[in-house]
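A short worksheet on the structure shown next.
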């Protein structure tokens with residue numbers, strides 16, 4: 001069983017197909033090795049991470065909002081990894097062996113910062129140490145609540161994880177390196193922001 005890019009689908013994440021080679025890309029793309037080379041080159045140069053805030057600011061200005069967000073909402077998501085090696089850990093709370101994604105979003109749900117690391121890294125060590133300087137207010141679920149309760153602001157970042165989850169590449173971490181995992185997280189978000197900009201402009 002192999003996975004590859006669906007021809008004619010704009011380079012969407014891989015889908016399952018018995019006869020599709022792993023190196024298949026969309027027809028209008030260059031050769032697979034060229035695409036792969038640019039992907040890793042842009043990781044080394046930090047281009048994926050640099051592009052994200054540019055498009056977020058453009059979308060803010062398009063909506064007539066301040067370019068710089070005043071509030072950030074931070075949360076984490078643990079996902080399983082594939083059996084191709086690379087850094088991983090065990091999240092005892094979620095009972096998941098894999099990696100943990102921390103993201104910080106603005107009030108519109110746009111990702112303004114993100115970090116990926118083994119799942120055994122605690123939130124206080126991962127999010128606060130690597131996402132930058134923040135004034136923290138912890139939103140906790142009441143111990144007396146028995147049913148589902150919408151927590152103030154926290155639903156925004158949960159919705160952002162749901163949006164990112166629509167990218168099939170992120171449903172499971174299949175990357176061998178943390179850098180590649182982070183790059184795909186950025187790519188998924190950039191794609192969503194560009195779609196929003198395009199819909200608003202036209």
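No lab work stands behind these numbers, since they all come straight from the coordinates. Note that this is a predicted model, so its numbers are computed, not measured. Methodologically, a virtual Cβ is constructed for each residue, glycine included, from the backbone with ideal geometry; neighbour enumeration extends over all protein chains shown.
Rank these for me by crowding, 60, 102, 28, going from fewest to most other beta carbons within 10 Å.
Values: 60 17, 102 22, 28 9.
Ranking 60, 102, 28 by Cβ neighbours within 10 Å, fewest first, gives 28, 60, 102.
Once R0 is set to 30 Å, what does the formula 1/(1 + (r/R0)^6) return for the Cβ-Cβ distance between residue 35 and residue 63, expressed as a FRET efficiency to the nearest 0.05? Spell out each step's value before the answer.
Values: r = 32 Å, r/R0 = 1.08.
With a Förster radius of 30 Å, E is 0.40.
Per 0.36 nm of contour for each residue apart, how much would the distance between residue 50 and residue 84 grow if the chain were fully extended, relative to their Cα-Cα spacing? Working shown, then result.
Values: separation 34, 0.36 × 34 = 12.24 nm, distance 2.80 nm.
In short, 9.4 nm is gained.
Taking the beta-carbon count within 10 Å as an exposure proxy, list 56, 25 from fewest neighbours to most.
Values: 56 24, 25 17.
With the sparsest Cβ surroundings first, the list reads 25, 56.
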